[in-house]
Every structure is written in structure tokens, then in C-alpha cells.
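Undergrad: Sharing a structure, written as C-alpha cells. Questions coming.
The values are calculated or read from the model by the stated rules, or taken from the named source; none is laboratory data. Quantities reported herein were computed from a predicted structural model and do not represent experimental measurements. Note that each Cβ is placed from the backbone with ideal geometry, even for glycine, and that neighbours are counted across all protein chains shown. Please note that ligands, DNA and RNA were not included when accessible areas were found on the heavy atoms of the full protein model with its side chains. Shrake-Rupley method; radii C 1.70, N 1.55, O 1.52, S 1.80 Å.
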Amino acid sequence: DLFGDGKTALKVSVGKFLAANALGTTSSLNPLGAQWNNRTWRDTNNDGTVVNGDGSIQFSEIGASTNNNFGLPAGSLVIDPNLKRGNNWEESISVQRELIPNMSMTVGYYKRQFANITATVNTAVNPSTDYTAFTVTGPKHPNLPGGGGEVITLYNLNPNKQGAVNNILMNVSDRARNYDGFEVSVNARIPRGFAFGGITVDRTVVDNCAGTSNPNNLRYCRPEPPFRALYKGSAGYRVSYDVQLAGSIQA
């Protein structure tokens, strides 16, 4: 109670929350679980199918495997023995003030920081040495930044590493996920009901650059989104026979 008049309150909270790890981590080790393998197909004889008339496969039209562990009972994922449980810290501070009887305003700041973020890293491939760079030119269009025509660098996996997979689930210390939010809201008790309105300005910044096995993923791994504004309001009114009508809106 900041001013001793019973109309202003300062609220501060700090909390740590652990990630809920039930079956998600262990189910990925299930030898009978789903596995994946992407194969290219090129219709070299132009018959529109990869199957011969006798039902056999035209293996000459199928590209190399992208997962040499596909179909093995052990699967293709290993958990780092030093894996730490994910968590996040949440901090908030707000001030609430009674403006007039039955109406108050709250101004608050809210922050969330994630730690022990995990990633599945293919340690059999080095993104710095096992890929070859090439460039393509993007299309030109007035709706694109600078009118388009951007020269884009992409990467091809070297043939000697095709299908090499040794996926390890591990903590990646350089990855980050942070949330910041500011909120102003007004609450009012009205005869036979209530009314609420507020504005929240917030953003979530995610950095997934570290721990990636494919340099093509680095192109959009560290976006800096702008703060966005969310306008919200709601109200309720009790009509006859204790029936309450209520509605809300967000934009």
C-alpha cells in the first residue's frame, strides 16, 4: 500500500517453472516408433509412376537415402546423458490504483526467460565443412523488399555425407527465447455487471541459430519481431432471473 490510503498497490512476483517432461522425451526412443526417410524420385522413363507393371519398384529412379538409420530397431535418436531439464523464469511488476469508487487501473511489465533449451543435433554432419554453397536469384516483384531480385545463398549437402545421421537430443546454451510485455488495463464494477478494457504491447524473440546441423536454417533463425499491440475489452450485465449476458473483443 504505497500511500497509506488503501487505493494503490505495488505487486512484484518472481517464479521458476520447470518444463513438463512426461512421455515426450522417452517416446522418441521407442524402437517401434515412427521414423522418417526422404527420397527423391525422378521419372526417367516418363511413365508417370515409380512402380513397374509387375508391382516392383523402379529403384533406378529413386535417389539416395537421407537417413541411413531408417528401419533400424534402435531408431535414430540418442539422449545426451548430461541433458538438463528445461525451465523458464517469470518476473512481473505492476501498480494498481483505484481511480474512482469501483474502478481501478493497472500498469504492469512482464518478462519470461527460457533456459536449458534443447535441440536435436545431427553430430554426423558439420554445417561448416559438409555443405557446398551456391546462389539463386529471387524473383522481381514490386511487393518484395527492394523490388526483389535478391541473390540468395543456399547450401547442398556433400554426397559423401548423404544419409549420415547421428541425432543427439542435447541442451544448446546459445539458443534463447525471451518474452517482454507491457500492459495497461482498467477494471470497473458497474450496476449489475462489470467492464474491462486494456492494451498489451509485447513480443517474443527467439534465437535458434546455435545447434543447427543445416546451414540453410540460419537464414531465418534470429528474427527480431516488432512489438505488437493487442487491444481487448469485455463486459457483462446481469438481466432478470440471474441470467448474465457477456461479451469480449480482441484486435
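Undergrad: Given the Cα atoms of the range 84-128, and with Rh set as the inverse mean 1/r over their pairs in the Kirkwood sense, what is Rg to Rh to two decimals?
TA: Details: Rg = 21.2 Å, Rh = 14.8 Å.
That ratio is 1.43, to two decimals.
Undergrad: Let me ask another. Just to confirm the filter: which trypsin sites (Lys or Arg not before Pro) across the range 158-251 are DSSP coil and have at most 16 other Cβ within 10 angstrom of their Cβ? Show your work: numbers first, answer last.
TA: Working: sites: 161, 175, 177, 189, 192, 203, 219, 228, 232, 238; in loops: 175, 192.
Passing both the DSSP loop test and the Cβ count: 192.
Undergrad: Follow-up. Return one whole number: the accessible area per residue of the range 113-251 in Å², for a 1.4 Å probe. Display every interim value, and only then the final one.
TA: On the way: 8930 Å² over 139 residues.
Using a 1.4 Å probe on heavy atoms only, each residue of the range 113-251 averages 64 Å².
Undergrad: Using the heavy atoms of the protein chains and a 1.4 angstrom probe, tell me the accessible area per residue for the range 63-106 in square angstrom.
TA: Working: 2710 Å² over 44 residues.
Result: 62 Å² per residue.
Undergrad: Would you work out if the range 69-210 is rounded, prolate or oblate? Take a ≥ b ≥ c from the square roots of the eigenvalues of the alpha-carbon gyration tensor; rounded if a/c is under 1.5, else prolate when a/b is larger than b/c, oblate otherwise.
TA: Working: a/c = 3.71, a/b = 1.83, b/c = 2.03.
Oblate is the answer for the range 69-210, as a/c is 1.5 or above yet b/c matches or exceeds a/b.
Undergrad: Here's something else I'd like to know. Which distance in Å, rounded to a whole number, links the C-alpha centroids of the range 140-158 and the range 195-216?
TA: That distance is 24 Å.
Undergrad: Moving to a separate point now. Please calculate the 1.4 Å probe accessible area of residue 80, with all protein chains present, and give it to the nearest 10 Å².
TA: Surface open to solvent at residue 80 totals about 40 Å².
Undergrad: Loop only per DSSP, at most 16 neighbouring Cβ atoms within 10 Å: give me the chymotrypsin sites (Phe, Trp or Tyr not before Pro) in the range 191-251, ordered by residue number.
TA: Working: sites: 194, 196, 220, 227, 231, 237, 241; in loops: 227.
The qualifying sites are 227.
Undergrad: Tabulate in residue order the Karplus-calculated ³J(HN,Hα) for the range 238-251, using 6.51 cos²θ - 1.76 cosθ + 1.60 with θ = phi - 60°, rounded to whole Hz; enter x for Gly and Pro.
TA: Values, residue by residue: 8, 8, 5, 6, 6, 8, 10, 9, 9, x, 9, 8, 9, 9 Hz.
Undergrad: Rounded, prolate or oblate: pick one for the chain, where a ≥ b ≥ c are the square roots of the eigenvalues of its C-alpha gyration tensor, a/c under 1.5 means rounded, and failing that, prolate if a/b is larger than b/c, else oblate. The partial results should precede the final answer.
TA: On the way: a/c = 2.33, a/b = 2.14, b/c = 1.09.
Prolate is the answer for the chain, as a/c is 1.5 or above and a/b outweighs b/c.
Undergrad: Got a sec to turn the phi values of the range 19-24 into Karplus ³J(HN,Hα) couplings, 6.51 cos²θ - 1.76 cosθ + 1.60 with θ = phi - 60°, whole Hz, x for Gly and Pro?
TA: 5, 7, 9, 9, 10, x
Undergrad: Can you bin the range 57-151 into rounded, prolate or oblate? Criterion: square roots of the alpha carbon gyration tensor eigenvalues sorted a ≥ b ≥ c, rounded for a/c under 1.5, prolate for a/b above b/c, oblate for the rest. Intermediate results must be reported in sequence, preceding the final value.
TA: Details: a/c = 3.34, a/b = 1.62, b/c = 2.06.
Cα axes put the range 57-151 in the oblate bin.
Undergrad: May I pose another question? For the range 123-130, what does the Karplus curve 6.51 cos²θ - 1.76 cosθ + 1.60, with θ = phi - 60°, yield as ³J(HN,Hα) per residue in whole Hz, taken in order and with x for Gly and Pro?
TA: 6, 7, 10, 9, x, 8, 10, 9
Undergrad: Note down the accessible area of residue 218, probe 1.4 Å, to the nearest 10 Å².
TA: 80
Undergrad: Using a probe of 1.4 angstrom, how much of the accessible area of the chain is carbon and sulfur, in percent?
TA: Details: 9570 of 16970 Å².
About 56 percent, which is the carbon plus sulfur part of the accessible surface.
Undergrad: Using +1 at the Cβ of each Lys and Arg and -1 at the Cβ of each Asp and Glu in the chain, identify which of 246, 60, 50 lies farthest towards the dipole's positive end.
TA: Of the options given, the answer is 246.
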